[in-house]
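Written out below as structure tokens is the structure these notes cover.
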Amino acid sequence: MFTTLAHVSIAVPDLDQAIALLETRYGLAAGPVRENAQQGVRMAYVALANARIELMSPTSADSPIAKFLERNPRGGIHHLSLGTGDVVAAAERLKAGGAQVLGDPRTQRNVHGDPIAFLHPRDFLGALVEIEPDSGHD
């Protein structure tokens, strides 16, 4: 069902500062900053050979990332994303197996317009997991 580790997402209080830190300290260059209005975040990706690092900061106080940062003011790992060939089919299969799928991939989209869904942390060893297509966006 899952074929790739697509990205690890880190919530940050200041996206521009996070991008600058990764570049100056670690030599990691982020791609363009994008906004996902549906999710209430600004984000940028650092592309690595085998996966991406997604940096996210909230655009509104009611964003899930804003709520995460209330509990973790310095930021931190928010979720990991696993790639699959068919997000809708994977979500349905997981639901049928008893997992709690958060969001509907028929309506929930990532910044690239691709369908996504999330697995509740209790259903994946305590980690929030995003399900996204194996598209390899940067």
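The values are calculated or read from the model by the stated rules, or taken from the named source; none is laboratory data. What you see is a predicted model, and the numbers here were worked out from it, not measured in a lab. Positions of Cβ are generated from backbone atoms using ideal geometry, with glycine treated the same way; all protein chains shown enter the neighbour counts. To get the accessible areas, we keep the full protein, side chains included, count just its heavy atoms, and leave off ligands, DNA and RNA. Shrake-Rupley method; radii C 1.70, N 1.55, O 1.52, S 1.80 Å.
Would you confirm whether or not the stretch 34-45 contains a residue that is of a type in the set (Lys, Arg), surrounded by fewer than 16 Cβ atoms within 10 Å (Cβ to Cβ) and over 16 Å from the mean Cα position of the chain (by Cα)? No, because not a single residue in the stretch 34-45 is of a type in the set (Lys, Arg), surrounded by fewer than 16 Cβ atoms within 10 Å (Cβ to Cβ) and over 16 Å from the mean Cα position of the chain (by Cα).
Looking only at residues of the stretch 46-67 that are assigned to a helix (DSSP H, G or I) and closer than 22 Å to Asp114 by Cβ, we find that the one that is most open to solvent (accessible area, probe 1.4 Å) is Pro64.
When the stretch 87-118 is filtered for residues that are part of a loop (DSSP other than H, G, I, E, B) and among the charged types (D, E, K, R), the ones remaining, listed by number, are Asp104, Arg106, Asp114.
Based on this model, can you work out whether Ala96 counts as farther than 23 Å from Gly31 by Cα, of a type outside the set (Val, Ile, Thr) and in contact (Cβ under 8 Å) with a residue 60 or more places away in the chain? Spelling it out, it is not the case that Ala96 is farther than 23 Å from Gly31 by Cα, of a type outside the set (Val, Ile, Thr) and in contact (Cβ under 8 Å) with a residue 60 or more places away in the chain.
Whether any residue in the stretch 12-31 is under 20 Å from Ile116 (Cα atoms) and surrounded by 14 or more Cβ atoms within 10 Å (Cβ to Cβ) is what I want to check. Looking through the stretch 12-31, none of the residues is under 20 Å from Ile116 (Cα atoms) and surrounded by 14 or more Cβ atoms within 10 Å (Cβ to Cβ). In the set (1) in contact (Cβ under 8 Å) with a residue 24 or more places away in the chain; (2) outside any strand (DSSP E or B), the condition left unmet by His79 is number (2).
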